[in-house]
Amino acid sequence: MVLPENLERLNLNERLKRLGSPILSELVGVDRIKNIIEISSARVKESNLVKFLMLRHGSQVFSVKEIRREVLLRLPTEYQLFILYGATDIKEKLSEADIDKLYSFSWSRSSNYAKRLLAIFDLDDSYLPPVNESKPSHEELSPETQLYPYQLRIKNQLIRSLSSGQQRLLVHMPTGSGKTRTSIEAIVDYWRAVADRSTFVVWLAHSEELCEQAVETFTKLWSVRGDAPVTIYRLWGDYDVPSFESENGFLVASLQKIHSMRLSKNSEIFRSISRLKAKCKFILIDEAHKAIAPTYRSGIEFISDIDKTFIVGLSATPGRVNSEEIQELVDFFGGQKISLTSETAEEIANPIKFLQENRYLSKIVRKEIPSEISIDLEPSELEFISNFLDLPKSVLVKLEQSAARNACILGEIASLCRKNYSIIVFALSVNHAHMLTELLNIKDIEARCVDGNCSSYDRQKYIEDYKKNEVQVLVNYGVLTTGFDAPNTNAVLIARPTGSLVLYSQMIGRGIRGPKMGGNEECILVDIKDNLVGFPEEDHAFTNFNSDWQ
């Protein structure tokens, strides 16, 4: 409440001191003062008496009618008039009726008299009578973080499988459906409930983005769901190998780092790994289709105990290149797979369609752009395509040098920018990614390039600028296929030919966060036509390998 200009705010302690020792002693209690003097043998001053009053009554000092009356009695007339009428020029002095009203008004939160008195002393509403908040007879409680129903069913199924002693299995969820969060929450709950706490949980991934994503997810969950301190270890890139002498921990490591440790001849590293192996209760492998690569598989087996370590794979695309490798992946996880189920516990035949219809994932609007270029393939290039179902580097270089193809790509990006899309572009190579970025900036389109050579600082800054819509286009090569979460993305342009269903579905996955995930209803997929030869629809890329897991 605003005071009239002719009134200055008063200090409550000073006004209380002006009451003098006799009145203050009466308000505090004469007998109480005598006891204090007798015990302390000290002189009780007016400032002490004021402090006693404030200590005893605190914010409710004016709720004591006797204190309020003594203060009001000694206020200058203009302040008394303001309390009664909200103005100071109503009359020159108070009538007997005014004085009675001033001394007898009810001290309540709705009283304007009370509010004006507090304004004089620059006190807030906490000095008014407290609000009487009655507790409800019942109330609904919700967790700080909550899984979606389909995620909860996956989590419960994973916990049941672990509890029954199933040591190897794979969690199969589409890109963008929250497999990291779902699986970490399951492991946290299981670890807390039934596992030996003097153990380690090891999370393995192949990129810095995926590793840091796991650290962030575990940190958030454990801060809410944890019941004891736990150490989190980062082990990728330039991070040193820890001693693993602590009782337990959550280790996030790159598959590359584990492989290099396995080959190390450093005796200290060997001792550290031996300690980890002895305490390793769980291994979770993100993008688990990579687990059967010889180097990665050797690393996984290097840190696990065949008799006691649970190994859980996470994948949106549980298959690699050919049927032999698919079978190897099936065998590695014991043929056990957990997939999305309905409320009646039936496996959902088309998970992507289910998630799109329920607005967890966005619907993909595909636009094919013919490149209209012809490249004569050498016999060796044809053999490479036959063996690996992918294009060799020599062909990618030829495509990279095509001015017509690049002009087509730039035209499509510019068209999307004019419609205010947030776009991720998958380039042919590092050089191609930088070239496209430079050409876009020449056209006054804010674009940034991220690749394997980009520093962690620059990569993080570019991605954050993109998420904040300060950069409209992210051009990349090889680093944003997994572990990248930017729900604002609503357009993906694939300029990189590939015969890998795994890689293709991962690229599509960068733009499919739906409204319930903070994303969009639709995502535009611009696909250069030479990318599309023999490719299935995006939902087929997910279900293509399901028959091997029946």
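The values are calculated or read from the model by the stated rules, or taken from the named source; none is laboratory data. Fair warning: this is a prediction, and the values are worked out from it, not measured in the lab. Cβ coordinates were reconstructed from backbone atoms using ideal geometry, including for glycine residues, and neighbour counts include every protein chain displayed. Only protein heavy atoms, including side chains, enter the accessible area calculation; ligands, DNA and RNA are left aside. Shrake-Rupley method; radii C 1.70, N 1.55, O 1.52, S 1.80 Å.
Some observations on this one:
- Among the candidates 33, 23, 39, residue that is in a helix (DSSP H, G or I), open to solvent by 60 Å² or more (accessible area, probe 1.4 Å) and farther than 20 Å from residue 116 by Cβ: 39
- The residues of the range 255-286 that are open to solvent by less than 10 Å² (accessible area, probe 1.4 Å) and either in contact with a Phe, Trp or Tyr (Cβ under 6 Å, 6 or more places away or on another chain) or on the phi > 0 side of the Ramachandran plot (or both), listed by number, are 255, 272, 276, 280, 282, 284.
- Condition met for residue 520 (open to solvent by 20 Å² or more (accessible area, probe 1.4 Å), in contact with an Asp or Glu (Cβ under 9 Å, 6 or more places away or on another chain) and either within 26 Å of residue 432 (Cβ to Cβ) or at pLDDT 65 or above (or both)): no
- Of 46, 66, all but one fail to be in contact with a helix residue (DSSP H, G or I) (Cβ under 7 Å, 6 or more places away or on another chain), exposed (fewer than 14 other Cβ atoms within 10 Å of the Cβ) and at pLDDT 90 or above; the exception is 66.
- Considering the range 463-478, and only residues there that are modelled with pLDDT under 90 and buried (at least 20 other Cβ atoms within 10 Å of the Cβ), the residue that is farthest from the chain's Cα centre (by Cα) turns out to be 477.
- Single match in 56, 9 (criterion: outside any helix (DSSP H, G or I) and at pLDDT 90 or above): 9
- Filtering the range 328-379 to residues that are of a type in the set (D, E, K, R), part of a helix (DSSP H, G or I) and under 30 Å from residue 416 (Cα atoms) leaves 353, 357.
- Residues located in the range 423-448, provided they are touching a helix residue (DSSP H, G or I) at 6+ places or on another chain (Cβ under 9 Å) and either open to solvent by 10 Å² or more (accessible area, probe 1.4 Å) or of a type in the set (Lys, Arg) (or both): 429, 431, 435, 439, 443, 445, 446, 448
- For the residues 239, 233, the requirement of being in contact with a Pro (Cβ under 6 Å, 6 or more places away or on another chain), open to solvent by 10 Å² or more (accessible area, probe 1.4 Å) and at negative phi singles out 233.
- Of 218, 244, all but one fail to be at positive phi and touching a strand residue (DSSP E or B) at 6+ places or on another chain (Cβ under 8 Å); the exception is 244.
- Filtering the range 172-210 to residues that are modelled with pLDDT under 85 and within 13 Å of residue 250 (Cβ to Cβ) leaves 192, 195, 197.
- Members of the range 62-81 that are β-branched (Val, Ile, Thr), more than 11 Å from residue 24 (Cβ to Cβ) and in a helix (DSSP H, G or I): 71, 77
Listed here are the residues, each with its yes/no results for (1) part of a loop (DSSP other than H, G, I, E, B); (2) at pLDDT 90 or above.
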position	(1), (2)
60	no, yes
87	yes, no
108	yes, yes
135	yes, no
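- Number of the exception - residue 98 against (1) under 30 Å from residue 218 (Cα atoms); (2) not in a loop (DSSP other than H, G, I, E, B): (1)
- Within the range 196-223, being surrounded by fewer than 17 Cβ atoms within 10 Å (Cβ to Cβ) and in contact (Cβ under 8 Å) with a residue 40 or more places away in the chain holds for 196, 197, 198, 220.
- Candidates 354, 333 - the one that is crowded, with 18+ Cβ neighbours inside 10 Å, in contact with a strand residue (DSSP E or B) (Cβ under 7 Å, 6 or more places away or on another chain) and of a type outside the set (Val, Ile, Thr): 333
- The condition of being of a type in the set (Lys, Arg) and in contact with a strand residue (DSSP E or B) (Cβ under 9 Å, 6 or more places away or on another chain) holds for only one of 168, 192, 197, 225, that being 168.
- Here residue 16 meets each of (1) farther than 16 Å from residue 72 by Cβ; (2) within 55 Å of the chain's Cα centre (by Cα); (3) open to solvent by less than 100 Å² (accessible area, probe 1.4 Å) with one exception, condition (1).
- Flag if residue 44 is part of a loop (DSSP other than H, G, I, E, B) and more than 50 Å from the chain's Cα centre (by Cα): yes
- So residue 298, is it polar (S, T, N, Q), free of Cβ contacts under 8 Å to residues at least 60 places away in the same chain and open to solvent by less than 50 Å² (accessible area, probe 1.4 Å): yes
- Taking first residues from the range 162-183 that are in contact (Cβ under 8 Å) with a residue 24 or more places away in the chain and at positive phi and partners that are open to solvent by less than 10 Å² (accessible area, probe 1.4 Å) and assigned to a strand (DSSP E or B), the Cβ contacts under 8 Å between residues at least 6 apart in sequence or on separate chains come to 176/361.
- Members of the range 441-473 found to be at positive phi and touching a residue at least 12 places away in the same chain (Cβ under 8 Å), listed by number: 469
- Test for residue 451: is it at pLDDT below 90, among the charged types (D, E, K, R) and touching a helix residue (DSSP H, G or I) at 6+ places or on another chain (Cβ under 9 Å): yes
- Identity of the residue in the range 137-171, at pLDDT 85 or above and part of a loop (DSSP other than H, G, I, E, B), that ends up most open to solvent (accessible area, probe 1.4 Å): 164
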